Amino acid sequence: MTRETVYCYAADLGGTKLAAALADARGRIVAEMTEPTDRRGGAYVAEQIAACADKLAQAVGIEVTRARHVMVGVPGAIDPGTGRVSLTQNIAGLQDFDVLGYLRGRFGPYVAIENDVNLAMLGEQALGCASGCRNAAFLALGTGAGLGLLIDDKLFRGTRGAAGEIADLPIGRDPTWQIPSAIGAFELEVGSLAIVDRYRRLGGTAAVTVRDIFRLLEEGDEVAASVLDTTARWVALAVVTLQSLLDLELIVFGGSIGMRPELYERVRRALPALFSRPITIAPSQLGDRAGLIGAVCAAAQAVCQNPEPAQAPDLR
């Protein structure tokens, strides 16, 4: 009798899109899909994650039960004790819903959820620019700001799973006098809404999105250049802070803004004047697939470690 091929399921949940993949035990993707994140959030998003697994299994002609291990990346902090999600500002109701419990009810006990930027860090270590690194960080800059930390070849999550939630770094606006906000001081300077707001406050009128600002920069818009110069200085200060604390081999820049060479190169040029030792930074090689690739790698590793587990390990 031929032994059935064991599969794993991976998903990367974002505020605007959900990417999902079915892979074999070696991490080779056999089916992949992307669709807009359900705007209703909470339970609807959890159901969407499960529904994508059904669609992928159907596409390759297998039962979804053959996906023995599941890894889902979510934009928030995961409490290591309860598995509950917090700090999820971009998906309504997610922190009030037991995502892990729901998915284990659908797939069985071998489900894990992980911070999406942590998984991006794993993806870059496995197949990207951080290959061979034992101490590295993935700095995600886009709608918000996040960080995945690899310390001594292991993800560092912190006591409550909130390590790397750098939106609250006191870099930029003074956190003691700003209007109380759910958004941290650093994110108020480098997030996409902050960049567009800075452009408008400096007199710019032709941009609605950060993408517009990058386009205007190419056209020689001086306000756009000034905005990105300022943003890069704040990011460079965060990079110096990370390096002084952690002495990292590499800091990977990712996210829709962090990967842009217009910002990345400005940060790289600013660093020597801010820090006495060299700091190695690099743009993500995997781009917007880094989180999904990391989720696939983590799920495949779990399959290899427990192909037919007798009892449920703690995969949180």
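The values are calculated or read from the model by the stated rules, or taken from the named source; none is laboratory data. Quick caveat: nothing in here was measured; it's all calculated off a predicted structure. Positions of Cβ are backbone-derived with ideal geometry, glycine not excepted, and every protein chain shown enters the neighbour counts. When the accessible area is computed, the model is the full protein with side chains, heavy atoms only, and any ligands, DNA or RNA have been set aside. Shrake-Rupley method; radii C 1.70, N 1.55, O 1.52, S 1.80 Å.
Quick look at the values:
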| quantity | calculated |
| --- | --- |
| Residue in the stretch 190-199 that is without any contact (Cβ under 8 Å) to a residue 12 or more places away in the chain and more than 28 Å from Leu149 (Cα to Cα) present | yes |
| Residue in the stretch 243-254 that is assigned to a helix (DSSP H, G or I), in contact with a strand residue (DSSP E or B) (Cβ under 8 Å, 6 or more places away or on another chain), under 30 Å from Ala11 (Cα atoms) and open to solvent by 50 Å² or more (accessible area, probe 1.4 Å) present | yes |
| Selection count where residues are in contact (Cβ under 8 Å) with a residue 60 or more places away in the chain and open to solvent by 10 Å² or more (accessible area, probe 1.4 Å), scope the stretch 96-107 | 1 |
| The one condition in (1) touching a residue at least 24 places away in the same chain (Cβ under 8 Å); (2) surrounded by fewer than 24 Cβ atoms within 10 Å (Cβ to Cβ) that Gly81 fails to fulfil | (1) |
| Sole residue being closer than 21 Å to Gly146 by Cβ, buried (at least 21 other Cβ atoms within 10 Å of the Cβ) and among the small types (Gly, Ala, Ser), chosen from Gly41, Gly73 | Gly73 |
| Residue list for the stretch 263-316, restricted to those being of a type in the set (D, E, K, R) and either open to solvent by 50 Å² or more (accessible area, probe 1.4 Å) or modelled with pLDDT under 95 (or both) | Glu265, Arg268, Arg269, Arg277, Asp288, Arg289, Glu308, Asp314, Arg316 |
| Hits in the stretch 255-282 - residues which are of a type in the set (Val, Ile, Thr) and either closer than 13 Å to Glu124 by Cα or not in a helix (DSSP H, G or I) (or both) | Ile279, Thr280, Ile281 |
| Pair list, Cβ under 9 Å, 6 or more apart: the stretch 19-39 residue farther than 21 Å from Asn90 by Cβ, other residue open to solvent by less than 60 Å² (accessible area, probe 1.4 Å) and of a type in the set (Ser, Thr, Tyr) | Ala21/Tyr9; Leu22/Tyr7; Leu22/Tyr9; Ala23/Tyr7; Ala23/Tyr9; Asp24/Tyr7; Ala25/Tyr7; Val30/Tyr7 |
| Hits in the stretch 283-302 (condition: within 14 Å of Ala140 (Cβ to Cβ) and outside any helix (DSSP H, G or I)) | Pro283, Ser284, Leu286 |
| Failed item, numbered, when Gly42 is tested on (1) touching a Phe, Trp or Tyr at 6+ places or on another chain (Cβ under 6 Å); (2) closer than 26 Å to Ser192 by Cβ; (3) touching a residue at least 60 places away in the same chain (Cβ under 8 Å) | (3) |
| Subset of the stretch 1-37 that is farther than 19 Å from Val64 by Cβ and surrounded by 14 or more Cβ atoms within 10 Å (Cβ to Cβ) - its residue that is modelled with the lowest pLDDT | Gly15 |
